[in-house]
Amino acid sequence: MAREVPVARRIDQDVGRFRRIVRGQVRKNLRKYVTQGELLGRVGKGTVSIPLPEIRLPRFTFGDDRGSGVGMGEGGEGEPVPGQGGAGEAGEEAGEHVLEVEVSLPELAELLGEELRLPAIRPRGREAVLSDVRRYRSIRRTGPESLRHFRRTFRTALRRQIAEGTYEPDRPVVVPRREDRRYRSWRIAEVPQSNAAVIYMMDVSGSMGTEQKEIVRIEAFWIDTWLRSQYRNIEVRYIVHDAAAREVDRHSFFHLRESGGTKISSAYELCSRIVEERYSPMEWNVYPFHFSDGDNWSGGDTRTCMELLREKLLPRVNVFCYGQVKSAYGSGQFKVDLDDELGDDGRVLTSEIPDREGILPSIRTFLGTGR
Amino acid sequence: MTVALPADLRRIRDRIRAWAEEFGLDFPETFFEVLDHDALHEVAAYGGFPTRYPHWRFGMQYEQLRKTYAYGLQKIYELVINNDPCYAYLMRSNGTTDQKIVMAHVYGHADFFKNNLWFGPTHRKMIDQMANHGTRVRRYADRWGAEKVERFLDDALCLENLVDAHEPYRPGAARKGAPDGGADDLDEEERRIGEKVPRLRAGPEYMDRYLNPPEELERARRRMERDLETRRRFPAKPERDVLRFLMENAPLSSWQRDLLAIVRAEALYFAPQAMTKIMNEGWATYWHSTIMTERALSDDELLDYADAHSSTLASSPGRLNPYKLGLELWRDIADRWDRGRFGTEYSRCTDWTQRRSWDTRTGLGRAKIFEVRKAYNDVTFIDEFLTEDFVREKRLFVYGRNAEGAKVIESRDFAKVKETLLRDLTNFGNPVVEVLDANHRNRGELLLRHRWEGLDLRGDYARDTMEALHRIWRRPVHVATKVEGRGRILVFDGTRHSSEEARGEEGGEGSSVGAGDP
């Protein structure tokens, strides 16, 4: 019956049109008015700001910042206006206006999960390890000020004042005292703990340019955010390789630029050694991710890679993910070979990332299986 | 999408309405509808008119509302439409106390819409009108192609702020028509200026030099040339309503003309709301606070009310909150007229203690604010009722920016504060741009003038706007303005942008031709 079809809302059409313009699929000349094209804004302590795309049609205007205006509040002449962000904050330059929202990382993971319809991961391995989780469900008389329950405190104070006879209905001033304060409090619940090890591998040979690395950085960030929301305990390792592989810290991982040839097997070799030494599949959920532009030294090395995968890595991992970033020089052959050899194995997930727009679909491929 | 008001809210509404009437608020019938957040965001994205024409920017607004709501950054509190009957929307997830506040607030707005003079000419069946616009735009999209219509709408929207918001208030204003006589006549006249310069007839020839001194003849000739120049000019007087001018004079097909008319009508409909933002929000806040604290609030709602009310008034020092500023001004006016703190005697009094305790028990506060809400807009409101005492007590200041771009308190001087505030409110913070000559250089080119009042136009936006203008006018477009203190004319000839030194009267400010603002 026609009635069962949900009524399309009028706004959906306009939203769809807007999104297509932002993505540059239609009306490309409007794209220059999109105030951002970034998927990821600034990452702060535990929060990240996501710019919301906005198209501002041009018009005769003075620009956003007229340099002066009227404000309200304390402070002497010549003093800075209170309550501004720190100096040199992004967004100040050239009066550019980007609407940004700050969200915490767990919230972000939730949004990502919603956006990509990611299934919750069902962890493997031992669930015997129990860990404690705080749930705020009760009220106490002591606690940190950040947990003070405003309403309860006032109510207690009011009750006390009425009992003492100091409450004057004509002048209803309620002043809470120390003993009136009430705080939110938690109970400790035990939940099974599961561990995850994430190993990022990246090709840093000459053909991987700045943009390619930026794509890897953004994708790794989102993968990280998601996995952290799914596991209580997570360890992350970073491997870079050109013709040889080595383990590096997070910063070098994203900033290193090498040159020279590419031997992917070197990375897989190192990866399996790390997994073997530290992450027993009985205790750990293991996630290796490899990003390259698809060039490899030789067909012989690619065969070595397949062997390593089949014999050493795959038996120990939840999934093995290979993301191929498009570059001007990469042949893209490795993904073809990998799909041919191991495409039937459910644990091997590959995706192609032609540009930044490809990041979200790629994440969906990697994390959409719920493993 | 909407549901009838549930019984409990209906009871609350009846009581709030009775109190609002008791206080003397006067509003058209007001319908409340309860929506969930998604539906409310949809209505809000369309500026309150769910039947509006389709356009991507409404989709953009919806996305922003939806996301910022999901991230907990904002929540639409109330949404009220200036229409007769008045429509207002309530968010389903709001608690009872919030709904009471919103209803009281809405009756404040409804009263303001109905009684403030500046809303007088607005279309009171705008809901129908907007639906009508929607139908027309959809029909054009079907007939001429959605993308074509969208492109034209985008160009029209770039010019949305170039209307004359004061125009509806001078219904008698003479319409400026085309000059009589075609351009050819003027050419003829120009040729004959030499012959037509008036001379006194001299008897003997030697007297001619004395009766008609050459300097005088030259002056007369120049006067006639100038006069001719003005007559050659079209429009004869600078035209503030650029959209209407284009609608009537640009080479457009009828559907394009109609789209311009739609964009213009909607811009004019929303203009009074921008013109009275501080007054209107302040008024509604004044009344929700009065109705709640004096009538509607039950004991157990006090904290929720205080919480909601204070978040409405929250302001960061670097940004003025119109709710807060408006409310404080209304309270100040009520207080001054209650205690007789106005008039010559009071203003002559310089003794601080005496001023502070001044109270002649005039009790005119309420009457005064009802009178003020009738006849003022934000500019005249601030001009008249922002007092030195107010600026000092409410800690207003003017800020500027230091070398690092941080805001710095520059001055707490009353005159400076008032001047800056008025500057930012004039023309809603938009530059004044008018059509100076639609037959510029006698080649049908469009010359606009930006009336420079201290701030330069943003260059990249100005250039892109000129491209939109060119797509509508189809001839080169010139904009006379000032850039870094010097008169410049920006030119877009259809392919490239250039800019030249301004000469004579085109040069921005201080020009005499029709510069007088009504």
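The values are calculated or read from the model by the stated rules, or taken from the named source; none is laboratory data. None of these values were measured; they are calculated from a predicted model. With ideal geometry, Cβ positions are generated from the backbone for all residues, glycine too; neighbour counts draw on all protein chains shown. Only protein heavy atoms, including side chains, enter the accessible area calculation; ligands, DNA and RNA are left aside. Shrake-Rupley method; radii C 1.70, N 1.55, O 1.52, S 1.80 Å.
Counting only other chain Cβ atoms within 10 Å of each residue's Cβ, the peptide B:318-326 averages 3. Expressed to the nearest 5 percent, the antiparallel share of DSSP beta bridges inside the protein assembly as shown is 60 percent. Label sites at residue A:250 and residue A:12, each approximated as a point 7 angstrom past Cα along Cα to Cβ, lie 4.0 nm apart. Helix content alone sets the calculated 222 nm mean residue ellipticity of chain B: runs of n ≥ 4 DSSP H residues at -39500 (n - 2.57) each, divided across all residues, give -16000 deg cm²/dmol.
Here the stretch B:235-286 and the stretch B:72-124 have alpha carbon centers that stand 23 Å from each other.
Sorting the segments B:347-358, A:283-294, B:428-439 by their mean number of nearby beta carbons within 10 angstrom, highest to lowest, gives A:283-294, B:428-439, B:347-358. Please identify which residues in the stretch A:341-356 have an amide N closer than 12 Å to a label point set 7 Å out from the Cα of residue A:333, following the Cα→Cβ vector. Inside the label zone: nothing.
Database remark: amide H of residue A:235 closer than 5 angstrom to the amide H of A:196, A:197, A:198 (H placed geometrically; neighbours at sequence offset of 5 or more, or on other chains; Pro and chain starts carry no H).
With the contact rule set at Cα under 8 Å and sequence spacing of 6 or more, what percent relative contact order holds for chain B? Walk me through the intermediate numbers first.
Values: 682 pairs, mean separation 69.8, N = 518.
About 13 percent, as a whole number.
Normalising the Debye intensity of the stretch B:1-64 to I(0), with uniform scatterers on Cα atoms only, and taking log10 at q = 0.27 Å⁻¹ returns -1.08. Each Lys or Arg adds one and each Asp or Glu takes one away; over the other residues whose Cβ falls under 9 Å from the Cβ of residue B:255, this sums to +3.
Taking only Cα atoms of the stretch A:130-190, what ratio of Rg to Rh do you get with Rh as the Kirkwood inverse-distance radius? Let's see the in-between values first.
Details: Rg = 15.1 Å, Rh = 12.9 Å.
Here Rg/Rh amounts to 1.17.
Surface composition of the protein assembly as shown: carbon plus sulfur atoms contribute 48% of the solvent-accessible area (1.4 Å probe, protein chains only, all chains present).
Taking only the C-alpha atoms, wrap a convex hull around the stretch A:195-367 and report its volume per residue in Å³ as a whole number. Could the numbers behind the result be given before it?
Values: hull volume 17.2 nm³, N = 173.
Looking at the stretch A:195-367, the number lands at 99 Å³ per residue.
Calculated on C-alpha atoms, the gyration radius of chain B divided by its Kirkwood radius gives an Rg/Rh of 1.05. Heavy atoms of the protein chains alone define the surface here; on that basis the protein assembly as shown has 49 Å² accessible area per residue at 1.4 Å probe size.
Size descriptors for the stretch A:206-274: radius of gyration and Dmax over Cα atoms are 13.1, 39 Å.
Under a straight-distance cross-link criterion of Cα-Cα below 22 Å, which lysines are reachable from residue A:312, leaving out those fewer than 8 residues away in the same chain? Candidates past the 8-residue exclusion: A:263, A:335.
What order do you get for A:335-344, A:240-249 when each peptide is scored by the mean count of other beta carbon atoms within 10 Å, highest first? Don't skip to the answer; put the middle values down first.
On the way: A:335-344: 15.5, A:240-249: 17.9.
Top to bottom by mean Cβ count within 10 Å: A:240-249, A:335-344.
Less than 9 Å Cβ to Cβ from residue B:55, Lys/Arg counted +1 and Asp/Glu -1: what total charge do the surrounding residues give? Summing Lys and Arg as +1 and Asp and Glu as -1 gives 0.
Separation of the alpha carbons by more than 19 angstrom is noted, of B:407/B:482; B:67/B:277; B:67/B:407; B:277/B:374; B:368/B:416; B:324/B:394, for B:407/B:482; B:67/B:277; B:67/B:407; B:368/B:416.
Let me confirm one metric for peptide A:12-22, namely the mean number of other chain beta-carbon atoms within 10 Å of its residues' beta-carbons.
Numbers: counts 3, 6, 15, 10, 2, 10, 9, 4, 2, 5, 4.
Whole-number average of other-chain Cβ neighbours for A:12-22 is 6.
The amide H of residue A:320, built 1.01 Å from its N in the peptide plane, has A:348, A:349 as neighbours under 5 Å, considering only residues 5 or more places off or on other chains. With the alpha-carbon atoms of the stretch B:1-147 aligned to their principal axes, the span from lowest to highest coordinate is 54, 39, 26 Å, starting with the largest. In this simple spin-label model, placing a label point 7 Å from the Cα along the Cα-to-Cβ direction at both residue A:345 and residue A:277 gives a separation of 2.3 nm.
Inside 10 Å of the C-beta atoms of B:310-317, what's the mean count of C-beta atoms belonging to other chains?
Working: counts 0, 0, 0, 0, 0, 4, 7, 10.
Shielding by partners across B:310-317 averages 3.
Using the alpha carbons of the stretch B:315-426, what is the convex hull volume per residue in cubic angstrom, as a whole number?
Values: hull volume 12.8 nm³, N = 112.
It comes to 114 Å³ per residue, whole-number rounded.
For the chain pair A and B, the buried solvent-accessible surface (1.4 Å probe, both sides summed) amounts to about 6200 Å².
Calculation over all alpha carbon pairs of the protein assembly as shown in 10 angstrom steps from 0 returns a P(r) of 2, 9, 15, 18, 18, 15, 11, 6, 3, 1, 1, 0, 0 percent.
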